[in-house]
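One structure is given below, encoded as structure tokens.
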Amino acid sequence: MEQTNRQAVFNQFASDNYAGVCPEAWGAMQRANEGFVSSYGDDGWTERACEQLRSVFETDCQVFFVFNGTAANSLALASLCRSYHSVICHELAHVETDECGAPEFFSNGTKLLHVDGPGGKLDLAEVERAVTRRGDIHYPRPKVLSLTQATEVGTVYTPDEIGRAAEVARRHGMRLHMDGARFANAVVSLQASPADISWRAGVDVLCLGGAKNGMAVGEAVIFFDRELAHEFDYRCKQAGQLASKMRFISAPWIGMLEGGAWLANAGHANDCAALLEKLLREIAGVTIMYPRQANSVFVALPEMAAAALRTAGWHFYSFIGSGGARFMCSWQTTEQDVHGLAAAIRLAVGDAMAAGGVK
Ligand SMILES: *Cc1c(COP(=O)(O)O)cnc(C)c1O
């Protein structure tokens, strides 16, 4: 009833990429839609977007825009590795579980080695073990350590933790890659500067997410060590990731960055998740699975309750064990949406407990 401004009522906390395009990105794309402009990134919009990223990151980094996060991660990793190298990542890492082997494909065989660690973060002792376990010619040589910020389970690495990961990487002659699909959420969560949780902490390459932050399409691959970007433009072109009408990917970045919408969007999404966490903690039978530090809340629900929620039309992912549910907030989530979900969970869990379906 209150949702008359929406196409249809669609109750979803499935992903931040279910959201639309925010006004700042949309407006910038519209402003870029004037007249003829040079193609393939050789244009003023793209130049300004790169400059803006250099200003936000306070360094003279090399920037490339690609269509999505899978391409950004895969091509960045491929550029850091040779085919006989390996990348060490968390077992829940998007590059390991959700990119259909693209990192291996684009690097012609570089192997991902996954290690465990609590809260979606790498256990550095495990990393050390994976690196030093073998030093012989039969083992794919570790070349990159990959972190996800914010992590796949909604936690964030502190600047100190990133620094320690970088130290381990350096000590073993490895590079540090960061999958920053939700980097903005981490910046806001930590109240840290983008530089402090990237290059100043030792990150060599950052894949900075745009889509989940409120853009239609487009992620930025940011090389803080310019030498690593050697011939990256060819890699993008070969992979089908060089947009001919590049201005429509780059201009929205200007719209997102110049007025701070990227952080406002992330802050709003984080606040919605914080509110959801607070409301869910008041419900008996609901367990919060990980510290809520970004824009998602993971909860263990009675299975019956999760099923009832779905039947009631709520969309969410449950891919971590039986009964574990992920509720993801975005720039477009409203407080009212959060209250609606919490009320629906309270009802579903209450019914499940009354029916004795606590497990
Ligand atoms: C969404 C996401 C990506 C990018 O996914 P695409 O669908 O390829 O854009 C990368 N890393 C993480 C952690 C993500 O959640």
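Yes or no: Val168 out of contact with any Lys or Arg (no Cβ under 9 Å at 6 or more places or on another chain), among the hydrophobic types (A, V, I, L, M, F, W, C) and more than 24 Å from Cys81 (Cβ to Cβ)?
Spelling it out, it is not the case that Val168 is out of contact with any Lys or Arg (no Cβ under 9 Å at 6 or more places or on another chain), among the hydrophobic types (A, V, I, L, M, F, W, C) and more than 24 Å from Cys81 (Cβ to Cβ).
For (1) more than 16 Å from the ligand (Cβ to nearest atom); (2) modelled with pLDDT under 95; (3) under 22 Å from Val144 (Cα atoms), each residue gets a yes or a no:
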residue: Ala192; (1), (2), (3): yes, no, no
residue: Ser198; (1), (2), (3): no, no, yes
residue: Leu208; (1), (2), (3): no, no, yes
residue: Ala211; (1), (2), (3): no, no, no
residue: Val221; (1), (2), (3): no, no, yes
residue: Phe224; (1), (2), (3): yes, no, yes
residue: Leu228; (1), (2), (3): yes, no, yes
residue: Arg235; (1), (2), (3): yes, no, yes
residue: Leu242; (1), (2), (3): yes, no, no
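Out of all the residues in segment 217-241, which are among the aliphatic types (A, V, I, L, M) and more than 26 Å from Tyr18 (Cα to Cα)?
Leu228, Ala229
Which one of these does Glu227 not meet: (1) farther than 21 Å from Trp26 by Cα; (2) crowded, with 24+ Cβ neighbours inside 10 Å?
With (1) farther than 21 Å from Trp26 by Cα; (2) crowded, with 24+ Cβ neighbours inside 10 Å applied to Glu227, the lone miss is (2).
So for segment 331-347 (the condition being touching a Cys at 6+ places or on another chain (Cβ under 8 Å) and of a type in the set (A, V, I, L, M, F, W, C)), does at least one residue qualify?
yes
Would you list the helices (runs of 4 or more DSSP H) that sit entirely within segment 66-108 and hold 2 or more residues that are farther than 24 Å from Val153 by Cα and more than 9 Å from the ligand (Cβ to nearest atom)?
69-80, 102-106
May I ask you to verify whether Glu161 is within 25 Å of Ser86 (Cα to Cα) and more than 16 Å from the ligand (Cβ to nearest atom)?
yes
Say whether the condition of being at pLDDT 95 or above, within 15 Å of the chain's Cα centre (by Cα) and among the small types (Gly, Ala, Ser) is met by at least one residue in segment 15-23.
yes
Please work out if Ala261 is over 21 Å from Pro291 (Cα atoms), in contact (Cβ under 8 Å) with a residue 24 or more places away in the chain and crowded, with 22+ Cβ neighbours inside 10 Å.
The answer is yes for Ala261.
Residues to consider are Val221, Val297; find the one that is under 19 Å from Cys50 (Cβ atoms) and either in a helix (DSSP H, G or I) or of a type outside the set (Phe, Trp, Tyr) (or both).
Val221
The values are calculated or read from the model by the stated rules, or taken from the named source; none is laboratory data. Since we're looking at a predicted model, the values are computed, not measured. Glycine also receives a Cβ, built like all others from the backbone with ideal geometry; neighbour counts cover every protein chain displayed.
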